[in-house]
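Accompanying notes for the structure given below.
No lab work stands behind these numbers, since they all come straight from the coordinates. As the structure is a prediction and not an experimental result, all values here were calculated from the model. Cβ atoms come from the backbone with ideal geometry, glycine included; neighbour counts cover every protein chain shown.
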Amino acid sequence: MSTDSNTKISGPFQEFPQVSDWDAIIIGGGPNGMICAAYLAKAGMKVCLVERRWEVGGGLSTEEILFPCYYSNVHIIYHMMVDYMPALKDFNLDKHAISWIKPNSQTAMVFEDGNSILLSNMTADTKDSMSKFSWKDANTFAKLTRKWKKITDEIVAPATYVPAVSAIDLSVALEKTEIGHEMLEMTEKTPYEIITENFENDKIRALLLYVSCMWGIDPNESGLGFYVALQLYRGVNKCYCYGSSHKLAGAFERVIVENGGLVIEAAAASKIIIEKGKAVGIELAEGRTLKGKVIISSLDPHTTFLDLVGEKNLPGTLGESVKQWIYDKWSFHTLHVASMEPPVYKKLDKAGKPVKGYDPWVNDAFMVVFGVESTDQLLAHWKNVMSGKIDDKNFCGHATCETRLDPHLTRWPGRHVSFFQMHAPYKIEGGWAKRESQVNQAILEKWEKVAPGFTKNNNILKMNGETPEDIEARFPNMRYGSIKHGDYRPTQMNTFRPNLDCSGHKTPIPGLYICGASSFPGGTMLGGPGYLAANRVAEDMGIKKWWKPTAEMEKFLKTYFEK
Ligand SMILES: Cc1cc2nc3c(=O)[nH]c(=O)nc-3n(C[C@H](O)[C@H](O)[C@H](O)COP(=O)(O)OP(=O)(O)OC[C@H]3O[C@@H](n4cnc5c(N)ncnc54)[C@H](O)[C@@H]3O)c2cc1C
C-alpha cells in the first residue's frame with residue numbers, strides 16, 4: 001500500500017474513553033440532577049451528568065407528542081416556586097433568555113351550567129368572582145390569603161431550601177412565633193377540615209380542596225395541613241416558562257457546560273460501583289465506566305439502592321427502609337389535544353347570550369378545573385382513584401390551553417395545543433390497555449359540556465393520551481407513574497424523606513448521595529433536593545461555596561433555630 005508523504009496523519013478520532021475520572025457523577029438530568037450538577041461545576045468540581053434519555057430535562061421535557069411542530073409541555077408546566085428558588089437567582093438565568101409569565105387569571109373551576117369561580121393573582125379579582133357564590137367566603141379568602149402568604153414567605157418557602165429538621169424539632173421551633181403557631185395548628189388538621197371549617201359554599205369548597213390536594217395530599221389525612229396554605233397561595237402565583245419548560249432545562253445544561261462540566265445524553269447508569277463498601281463510580285448500559293469521588297443519584301429509592309447499588313451492598317437496615325418506601329397515592333392521566341380553535345368555556349342561554357355567572361376571564365386562566373359539581377363528587381372521585389378505579393361519569397381534572405400562553409408551541413399560527421390532566425391510578429380496574437380509549441372519550445364528553453363546540457366539527461386535529469404506565473415508560477424512575485418519586489404522607493416527609501438513613505442527602509454508603517424528588521423536600525419543580533444535595537456535597541468535600549443562602553433563608557434560620 002502506498003501512502004502520500006504529504007498527508008498529515010493526526011491520529012485516529014479519539015472516542016470517549018472506556019474509563020474516565022470525575023469529581024462528581026450525577027445520575028439523571030431532571031431539574032434536580034441539573035441544579036446539583038450546575039452548583040458543583042461552578043464550584044470547580046469536575047462534573048459529569050448522565051441522562052438516560054436523548055435529551056436532558058426529566059420533568060422539564062417539552063415534546064412533539066402529537067405530531068411534528070406541535071409542542072406540549074408533557075410534565076412540568078405549572079412553576080410554583082419561581083419567586084423563591086435559589087437556583088433561578090444564583091445562575092442569572094435571565095442571561096439564558098428565561099422569562100416567566102404569571103397570568104392574573106390563574107385557576108378557574110367551571111360548571112356545567114356555565115357558571116365559574118376564578119382564582120386570580122390579584123385577590124380583589126378573586127373576591128369579585130367568589131362573591132357570586134358567597135360574599136362571606138370571598139372575604140374569608142381575602143383574609144386567609146394574607147395568612148397563607150405569611151406562612152409561605154416566612155416559613156414554608158425558606159424551609160424548602162435549608163436542610164430538613166425532624167418534625168418534633170420543627171414543632172418546637174415554630175412555637176416561637178405567632179405565625180409559626182398558626183401553621184402548626186393548620187398542620188394538625190386535614191385539608192378537608194380546613195376548607196370546610198372556613199368556607200360555606202360547596203362549589204368554592206370543591207375548587208379550594210382540588211387546588212390544595214392536587215399534587216398528592218390526601219384530603220382526609222392530618223399532619224400535612226400546611227400544604228393548604230402553600231398550595232392555595234402558590235396556586236395563584238404559578239408561572240409559565242415562556243418558550244416552554246424545556247427552555248429552562250437547556251439553560252441549566254448550558255450553565256453546567258459553561259463551567260466545565262460534561263452532560264452525556266442517551267447514557268443510562270446500569271450500576272453504581274461499590275468497592276470496600278464505598279461508591280466509587282458507575283457503569284453505563286453502553287459499557288463505559290465513570291469513576292467518581294462522589295456519585296449523586298436523582299432516581300427513586302428502589303432504582304438507586306436495589307437496582308443500581310444492589311441489595312447485598314446495602315449496609316444495616318437501609319435495604320429494609322428502601323423496601324418500605326411508598327410510591328405516590330395517585331398518578332396522572334393526560335389527554336393532549338391539537339385543535340384548530342382553543343377551548344372556549346362559555347355557555348349561551350336560549351336567547352344566545354352568555355348565561356348568568358359567565359366570566360370571560362376564565363378563558364385566560366392558566367388552569368381550568370372541571371368535571372365535578374360538588375365536594376362530595378370530588379371526594380368520591382379521589383376515593384375511586386385510590387382504589388384503582390375511574391368512574392367515567394364522575395371524575396374531574398384540570399385543563400390548560402398551552403398556546404394561549406405561548407403561541408410558539410405550534411408552527412401554524414392560530415392552531416392550538418391543550419391538555420386535560422386527571423388523577424388516575426397506576427393499576428386501573430380492567431387495565432389501561434382496555435380502559436384508556438374509554439377514559440379519553442369520557443374526557444372529551446366532559447370537555448364538550450363546559451366548552452361547547454371544542455370537540456365538534458373536526459376542531460380536534462389529533463389527540464394522544466399519556467397514562468400512568470406511559471409516564472413510567474418515559475421515566476422509569478417515576479415508578480408506578482409516581483410524579484414525585486414517592487408519596488407525600490407524614491411518614492415520608494422532612495427527615496423521613498426517603499428515610500432516616502439518607503436524611504440530609506447523604507447515604508450510609510460513603511461517596512453516595514441522593515438529590516431527586518424522593519429526597520427532602522420532595523417532588524415537583526421545587527429545585528430543593530438538587531440545591532440541598534449540592535450544599536451537602538460541597539460541605540463534605542470541603543469545597544468553598546460560591547453561593548449564599550437567600551435573605552429569606554437566613555431570616556428563617558435566625559428566627560427559628562438561633563439559640
Ligand atoms: C404528567 C406530569 C405532570 C407534572 N406536572 C408538574 C407541574 O406542572 N409542575 C411541577 O412542579 N411538577 C410537575 N410534575 C412533577 C415533576 O415532573 C417531578 O416531580 C420532577 O420532575 C422531579 O424532578 P427530578 O429532577 O427529581 O426527577 P426527574 O424529573 O424524574 O428526572 C430524573 C431523570 O433521570 C433520568 N434517568 C432515569 N433513569 C436513569 C438512569 N438509569 N441513568 C441515567 N438517567 C436516568 C430520567 O430520564 C430523568 O430525566 C409533573 C409530573 C408528571 C409526570
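A compact table of results
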| read-out | value |
| --- | --- |
| Amide hydrogen neighbours beyond the local backbone of I296, cut-off 5 Å, H modeled | I25, I26, I27, Y513 |
| Crossing angle, helix 202-213 versus the chain [Cα axis fit, 0-90 degrees, rounded to tens] | 0 degrees |
| Length-normalised contact order of region 100-234 in % [C-alpha pairs under 8 Å, at least 6 apart] | 23 percent |
| Within-15-Å neighbourhood charge of M367 [Cβ basis; K, R +1; D, E -1] | 0 |
| Whole-Å semi-axes of the ellipsoid equivalent to region 207-328 (Cα gyration tensor, √5λ, descending) | 35, 25, 11 |
| Long-range amide H partners of L461 with built H, under 5 Å | A338, S339, M340 |
| Charge sum, other residues only, whose C-beta stays under 13 Å from E466's C-beta, Lys/Arg counted +1 and Asp/Glu -1 | -4 |
| Residue-wise HN-Hα coupling along region 405-418, computed from phi with Karplus coefficients 6.51, -1.76, 1.60 (Hz; x: Gly, Pro) | 8, 9, x, 4, 6, 10, 6, 9, x, x, 8, 9, 10, 9 |
| Potential extension, K555-V19 segment - 0.36 nm per residue separation minus Cα distance | 188.4 nm |
| Charge context of A251, other residues only, Cβ under 11 angstrom, K/R +1, D/E -1 | 0 |
| Over 26 Å (Cα to Cα) - which of K271/K506; K147/K558; K127/K176; K150/K176; K132/K353 fall in this group | K127/K176 |
| Using alpha-carbon coordinates, inclination of helix 528-541 to the longest axis of the chain, degrees | 20 degrees |
| Ratio of the Cα radius of gyration of region 175-229 to 2.2 N^0.38 Å, where N counts its residues | 1.11 |
| J(HN,Hα) series, region 503-516, from Karplus relation 6.51 cos²θ - 1.76 cosθ + 1.60, nearest Hz, glycine and proline x | 4, x, 6, 9, 9, x, 8, x, x, 10, 10, 10, 9, x |
| log₁₀ of I(q)/I(0) at q = 0.13, 0.16, 0.18 Å⁻¹ - region 377-424, Debye sum with one point per alpha carbon | -0.44, -0.56, -0.61 |
| Expected 222 nm ellipticity per residue - DSSP helices of 4 or more, -39500 (n - 2.57), all of the chain, to 500 | -9500 deg cm²/dmol |
| Acute angle (nearest 10 degrees) that the helix 551-561 long axis makes with the longest principal axis of the chain, alpha-carbon atoms | 90 degrees |
| Beta bridge orientation in the chain: antiparallel %, DSSP, nearest 5 | 70 percent |
| Size-normalised alpha-carbon gyration radius of region 100-234, reference 2.2 N^0.38 Å | 1.08 |
| Phi to ³J(HN,Hα) by Karplus 6.51 cos²θ - 1.76 cosθ + 1.60 over region 37-46, Hz, x for Gly, Pro | 4, 5, 4, 6, 5, 5, 7, x, 7, 8 |
| Label point at K544 placed 7 Å out along Cα→Cβ; residues across region 26-55 whose backbone nitrogen lies under 17 Å | 40-46 |
| For A108, residues with placed amide H under 5 Å, excluding near neighbours | L119, M367, V368, V369 |
| Debye intensity ratio in log₁₀ form over the Cα atoms of the chain, taken at each q of 0.06, 0.07, 0.08, 0.09 Å⁻¹ | -0.30, -0.41, -0.54, -0.68 |
| Intensity falloff of region 246-312 expressed as log10 I(q)/I(0), Debye formula with alpha-carbon point scatterers, at q = 0.12, 0.16, 0.23, 0.27 Å⁻¹ | -0.38, -0.64, -1.08, -1.23 |
| By average C-beta atoms within 10 angstrom, highest first, the peptides 364-370, 524-530, 212-218 | 524-530, 364-370, 212-218 |
| Spatial separation of Cα centroids for region 327-341 and region 136-195, in angstrom | 31 Å |
| The chain - percent relative contact order, Cα under 8 Å, separation 6 or more | 23 percent |
| Whole-angstrom Cα spans of region 224-273 along principal axes, big to small | 41, 32, 19 |
